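The values are calculated or read from the model by the stated rules, or taken from the named source; none is laboratory data. Note that the structure is predicted; figures quoted are calculated from it, not measured. Don't worry about glycine lacking a Cβ; one is built from the backbone with ideal geometry, like all the others, and counts go over all protein chains shown. Just the protein is used for accessible areas: all its heavy atoms, side chains included, with ligands, DNA and RNA removed. Shrake-Rupley method; radii C 1.70, N 1.55, O 1.52, S 1.80 Å.
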Amino acid sequence: MPVNDNKKAIISILRKSEGTPVSGQEIGEKLGITRAMVWKYIKALRKEGYDVRSSPKTGYILDSCPDKIDPEMLQSILKTTLIGSDVHYYSELESTNNTAREIAPQVSEGTVIIAETQKSGRGRLGKEWQSVSGGLWLSLILKPSIPLENLSRVTLVAGIAVTNALRSMGVDAHIKWPNDVLVKGKKICGILTEVSAEIGKVDYVILGIGINVNVKLSELTDDVRRNSTSVSNEMGKPLDRTSFLASLLYELEQQYIRFKTRQFAEIVDEWINLSDTIGRNVRVKTPAMLIEGKAIGITEKGALVVLDQNDKKHEIIAGNCRYSD
Ligand code: BTN
């Protein structure tokens, strides 16, 4: 067996033993290699960040794995049929959205591009997205048959999925219109939706999702750190990113199925329940103007409805929203 396959097999044996020591003899017999070879692989794995304890009397125990996404593990725990049916994993990319855009026409719906770090992560409104190690930086390619004017709906669906996935981990997440996910007012996730469309009909959508999972806040620049948080910061311990990714993809699939099969009003209701924007005083900057007032609802197109001081209603489809209360 090639070196890497042997290392993977050892990790898989130790993972399955769930803390019960496995002897070098037993591992060697399973893989058809000597105990000395097993020991050589264990030393190599330690260098890669796997914390393998060894006792000459009982055997090896896997105490912890390096904080890396494990695509093979993901495939074995993923409960989806469409979202994540094809996962392209990279150590580093310029931007997962760029790579997704390059391959989108040739790949099937549900394909996910994921990178440990991004050199030029992109945020909304042309901003940089700091993508240091420890985060989940991914792009999901969707091919819904919808008119371009309904594109914002897909972003709302993604915001719901991320928020539900975070809440299932015990993180008190809320959505801020249009697509930020906040915890106690600090940003934990951003979503960048990009599209290719022809004659008003969507060809493919790229949902770029950035979640500060185990990001160390000290690695962010001062201005970004001030308004950011991470899952590990909220929970006081790092999270297994592979398991979290599996539950996020599951949530995305559930929400996407609902999006395709149910009335959109149902999704609007859930979005409002999960959001902390409705009822707040906001200042929304659009390319054309600045609108100030109270956020009172969301339309079926995903536009924020703001009631200004003169009781005039504005439906804002895109813009930068700040709370002013
Ligand atoms: C925002 O400004 O809030 C949106 C941030 C989106 C970041 C994600 S990370 C994965 C994907 N690739 C990118 O370059 N951007 C998105």
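Taking residues in region 274-292 that are in contact (Cβ under 8 Å) with a residue 40 or more places away in the chain, and partners anywhere that are loosely packed, with under 12 Cβ neighbours inside 10 Å and among the charged types (D, E, K, R), the pairs with Cβ atoms closer than 8 Å and at least 6 places apart or on different chains are Arg280/Asp325; Asn281/Asp325.
Checking Ile188, Ile206, Ile211 one by one, the residue that is within 13 Å of the ligand (Cβ to nearest atom) and touching a Cys at 6+ places or on another chain (Cβ under 7 Å) is Ile211 and no other.
Exactly one residue among Ala165, Ala104, Ala100 is among the small types (Gly, Ala, Ser) and touching a Leu at 6+ places or on another chain (Cβ under 6 Å), and that residue is Ala165.
Scanning region 248-264 for residues that are among the polar types (S, T, N, Q) and under 10 Å from the mean Cα position of the chain (by Cα) returns no hits. Selection within region 226-245: residues that are in a helix (DSSP H, G or I) and open to solvent by 80 Å² or more (accessible area, probe 1.4 Å). The member of this set that is farthest from Lys79 (Cα to Cα) is Arg226. Hey, any hits in region 246-268 for a residue that's open to solvent by less than 30 Å² (accessible area, probe 1.4 Å), under 15 Å from Ile188 (Cα atoms), touching a strand residue (DSSP E or B) at 6+ places or on another chain (Cβ under 6 Å) and assigned to a helix (DSSP H, G or I)? No, because not a single residue in region 246-268 is open to solvent by less than 30 Å² (accessible area, probe 1.4 Å), under 15 Å from Ile188 (Cα atoms), touching a strand residue (DSSP E or B) at 6+ places or on another chain (Cβ under 6 Å) and assigned to a helix (DSSP H, G or I). Take the conditions open to solvent by less than 10 Å² (accessible area, probe 1.4 Å), under 20 Å from Leu140 (Cα atoms), of a type outside the set (Asp, Glu) and in contact with a helix residue (DSSP H, G or I) (Cβ under 6 Å, 6 or more places away or on another chain) and apply them to Ile211. Does it pass? So Ile211 fails the test.
Output yes when any residue across region 218-226 is without any contact (Cβ under 8 Å) to a residue 60 or more places away in the chain, away from the ligand (no atom under 16 Å from the Cβ) and over 11 Å from the mean Cα position of the chain (by Cα), and no when none is. Yes, region 218-226 has at least one match. Taken over region 127-145, the residue count meeting the criterion of being open to solvent by 20 Å² or more (accessible area, probe 1.4 Å) and either small (Gly, Ala, Ser) or assigned to a loop (DSSP other than H, G, I, E, B) (or both) is 7.
Conditions (1) within 29 Å of the chain's Cα centre (by Cα); (2) in the same structural domain as Ser131 (by TED's automatic domain parsing); (3) within 24 Å of Arg241 (Cα to Cα), marked per residue:
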residue: Ala9; (1), (2), (3): yes, no, yes
residue: Arg35; (1), (2), (3): no, no, no
residue: Ala44; (1), (2), (3): no, no, yes
residue: Gly49; (1), (2), (3): yes, no, yes
residue: Leu93; (1), (2), (3): yes, yes, yes
residue: Ala115; (1), (2), (3): yes, yes, yes
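For residues that are among the polar types (S, T, N, Q) and more than 15 Å from the ligand (Cβ to nearest atom), scanning just region 95-113, find the one that is farthest from the chain's Cα centre (by Cα).
Checking each candidate, the answer is Gln106.
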